[in-house]
Structure formats: structure tokens, C-alpha cells
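A short worksheet on the structure shown next.
Values in this text are rule-based calculations from the coordinates and carry no lab data. Since this is a predicted model, take the numbers as computed values, not measurements. As a convention, Cβ positions derive from the backbone with ideal geometry for all residues, glycine included, and neighbour counts pool all protein chains shown.
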Amino acid sequence: MRWLIFIISIQSFGQNVQIDTLFVKSQIDSAIVFLRNNQEKETVFAQKYRGEWPVYMDMTSPYFFMGNKQKARDSNGFTVASIHDFLSEIYLSDTSRKEILPILKSAFSEIQTYEENGLFYFWKNLPPNRKIKLFLEPSPQPLVRRPTTFRLKNRFINKLANVPADADDTSLGNLAKFYQNEIFGTKNKLTKIDVYENYLDKDRHNLNWFNFVYHQDKNSGAFMTWLHPEHEYGQWSVVKTAFNVLLIFVPGSSAGPKAYKPWVPFGANDIDVVVNANVLHYLKKSGQDIESLSAKDAINMIEKRLKISNWQNTSVYYSNAFHTHFAISRAFEDGIEGLRPVCKILEEDITKQQMADGSFVSRSYINHFDKIQSTANALYAMIVLRNKGFDIPKENIDRAMNFLLKNKKNKPEGIHWDGGVFFSGGSVIRNILFWESDAYTTAMIALIFQKYLNMK
């Protein structure tokens, strides 16, 4: 009878939706079963790795120097760390879920393969899948960071892929170490704030073209994305940047990569709102100084960028329209009160953007009007904001919950949700190269359901 009441209640369009909490708990159970069953049990070198989950790079349009459309499996530290961290939060909220523990242990072993000296990388160090130098190759051939199975069209693109450690992955990876310490009593050493403070948007001799076009600011003092030196001009100008980007294939261009050398894309570091929110989230979670000048500058930068009319283009790497809401509310949830004015902006936007069926819709070219990932991102923010005293009606939250519940996929190995866009290629390819994973979206929704059960 309980299930019948639930089914009848979700049919009532435009009315108060009654969400059965026991049913929600059963959906979390089933999602965890799916994640356990879909976690890789063995390694096939340069194809898949034990402890990770399937994730796909999807290039939805041809691009002149990357080739035709393609979709291919990809192993990366970002996805496995994100899922690990979602599951860790579920467990810490409900420690009776012992079935999560072996999943976390297996995932963490894989996460560690992306770490070097406390810094984390997006891709693994792998042998190149082709010659990278035009003439004589070094012997032995050095390892490079690259996708596992996504076909890189030519020698130049292979050089482009060899990116350095970044603040985003370093925060997610260290957060995984933090959760391991909390859950298993380990003593993993955590990266300190000074590592991020080595790369601040302050007194620089360069400026990323994307930041210039959309924000036209500099010396924000916020955290930069790449934890690696960028090209330094004697005196930066937009003309120099444009000239070097246009001549990126020409040897000597400041925007061009070098064979076997880590490469900051286009030779210029960037400032990303979501990346900064993720850094703040990690710093606060790990008990570090968010009263530092750099943390305050990061908060000020986020607020400044969200106050401008084009703030949905404020992220270089997160093209889903509602990922900003998720990342900022997650940091705010930890107790970063400096983000409260920003969350007021999010509250107004999120109230305005919700559809009649409870869903949220990303931009048309992002996964064909993606609803599931967008709704998950927005719903997370709604629950956090309501818990923090913002005027988010419970009816709105229940309608979004109802939408996700109606759009799950029932499979013998557990329920899941179709993966939506949770990351993009950045700058010029941010609207055509995406990462999608059923496991990522499912783990995130399971965490949201757990937060719903704990909602004030």
C-alpha cells in the first residue's frame, strides 16, 4: 500500500508532491548496489583501471584540429575522486551503510595513481600512443598525460593533452585523502593552502583570453587553475595573445605546447569560479585557513563574477548551466559565510529557472537540453540553501525530487540515472567536448537523496 500511495502522489502535476522517505532510502540502497556492481574489478592497461567507473569523453561536433565527432571511454582522476567523495559523504551521514566501505577502499587505491607530491593530475602518466616529435624521438620515450582511449588526431594534439597538475583535481584528490582519514583512521598527509597560493591571480604578466573576453579583470588575487608556471610577457596585451593563439601551430608561439613538457593551455593560466569554489570547499573541510587573504580574494572574485549579467559563462571548464550553483552551495554548506551574498544570487536564479515538472534545463548545446544532471546540480543547491535559511519552498524541492525519481533507470544490477555533462574541455572546446558518466550522476543523486532525508 505504501508504494501505491507513492505512485499516486507523483502523478499529481502542479500539486504538492508527497515524497515517501522510506522509498527514497530504498533508492539510495539500490544506487549503491549499481555503483558497487559497475566499479571496475580489474585493470586493462590504458583502457580501464580497477577501482574506477566508466566515464566517456564525447566530442559532439567536428573541430578543425581535433578531428571528427567521437565518443570514447576515458580514465581520469577527476571522476573517480568525485564519486569517492560523494559516497564518503553518504557514509558519514549514515554509518550503517557498511557496504560503501570496500567501494571506497578500491576507489582510493586508484585515486592515488594520479598523485605526485601532494598534487593531483586529471590524466595518468602513460606512454604516448604515437610519435610526438617531428624528427628524432628521445629514447626511452618519456611518459605523457593523455586520454586513455579517445583518439587524438595528430602530433600537435598529443602535445596539447599533456597538461600539468591543477587546483581542481588537487582539491578533489586531497578531499579523498581527508575522507579516508575520517572513515578509516588513516593518516594521509593533506596538501596545505600555500601550494595553491603559489599560483594566484596577482601581479601576473599574462591573461587568459577567455577571462579577458568574458570578465576583463585581472589581479583578482583568486586561485588559478593550473599549478604550473605560465608564459610571462614583458608586457601583456590582447593583441599579443590573439597573435600567439592564431599562430599556435608555429614553433615559438607562446600559446603552443612543447613535446613532452607539461603545458598550461594556451600558455596562460585562468581563473574559474567553480574551481575556486572547489578549492574553498576542500580548504574548509580540511580545517585550513579560509580567513587568509587568498581565500577572501577567491570569495570576492566569485561574487563579482556572479553579479555580472553573463555569469553563466564564468566557468571555463563547467559548461552545465547549474554546476555553479552546486559548487558554490557545497562550499557554503561547509560554513563559508562570506559566500552568503553569492548564494542570494543563486536563490533568485534557481527559483526563476525551475520548470513546471520540477526539472532544470541546461543550455541547448549542452547534452541536448540536459535535464537530469542540471536538475541534480540545482536540487543540491536548493537543499543546502533551504537548510541555511534561504526561502526555498519545500514544494519546489519535492517537485525536483519527483522529477529525478521518475527518470531513474531500473536494471537488475541496481538503479541508475543517465549521465549528463559534468565537465567540459575548457575555453574554445567547452561547448563541444564533454565528460559524461552514469556512475558520476548516480552517485551525486544518491548523495542528494541522503541530504533530502536529513533536510531541516
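For region 138-153, the residues whose amide N sits under 11 Å from a probe point set 7 Å from the Cα of N125 along the beta carbon direction are 142-145.
Of the chymotrypsin sites (Phe, Trp or Tyr not before Pro) found in region 340-394, those in coil by DSSP whose Cβ has at most 15 other Cβ atoms within 10 Å are Y365, F369.
With contributions of -39500 (n - 2.57) from each DSSP H run of at least four residues, the per-residue ellipticity at 222 nm computed over the chain stands at -13500 deg cm²/dmol. Multiplying the residue separation of L247 and E42 by 0.36 nm and subtracting their alpha-carbon distance yields 69.4 nm. Backbone geometry of region 169-177 corresponds, through the Karplus equation with coefficients 6.51, -1.76 and 1.60 at θ = phi - 60°, to 3J(HN,Hα) couplings of 5, 5, 5, 5, x, 5, 5, 4, 5 Hz, x marking Gly and Pro.
Candidate cross-link partners of K187 among the lysines, defined by an alpha-carbon separation under 30 Å and a same-chain spacing of 8 or more, comprise K41, K48, K98, K105, K124, K177, K284, K285, K296, K451. Highest-first packing order for the peptide set 129-136, 19-26 is 19-26, 129-136, based on the mean count of other beta carbon atoms within 10 Å. In straight-distance terms, cross-link reach from K189 covers every one of the aspartates and glutamates whose alpha-carbon lies under 15 Å from its own, apart from those fewer than eight places away in the same chain; here that gives E115, E116. Computed from backbone phi with θ = phi - 60° and the Karplus coefficients 6.51, -1.76 and 1.60, the 3J(HN,Hα) list for region 422-431 is 10, 7, 9, x, x, 6, 5, 10, 5, 9 Hz; x is used for glycine and proline.
Show me the ranking of peptides 29-38, 151-160, 168-177 by mean Cβ neighbours inside 10 Å, starting with the highest.
Values: 29-38: 19.6, 151-160: 16.7, 168-177: 26.0.
By packing density, highest mean first, the sequence is 168-177, 29-38, 151-160.
Counting only aspartates and glutamates at least 8 places from K411 when in the same chain, those with an alpha carbon closer than 18 Å to its own are D29, E40, D438. Here region 30-75 and region 128-166 have alpha carbon centers that stand 19 Å from each other.
Can you give the longest run of the chain that contains no GluC sites (Glu not before Pro) sitting in a DSSP loop with at most 14 other Cβ atoms inside 10 Å? Provide the component values of the computation, followed by the final result.
Values: sites that count: E42, E99, E232, E291, E413.
Longest site-free region, per DSSP loop and neighbour criteria: 100-231.
Toward the positive end of the charge dipole of the chain, with +1 on the Cβ of Lys and Arg and -1 on the Cβ of Asp and Glu, the farthest Cα among T95, V195, Y63 is that of Y63.
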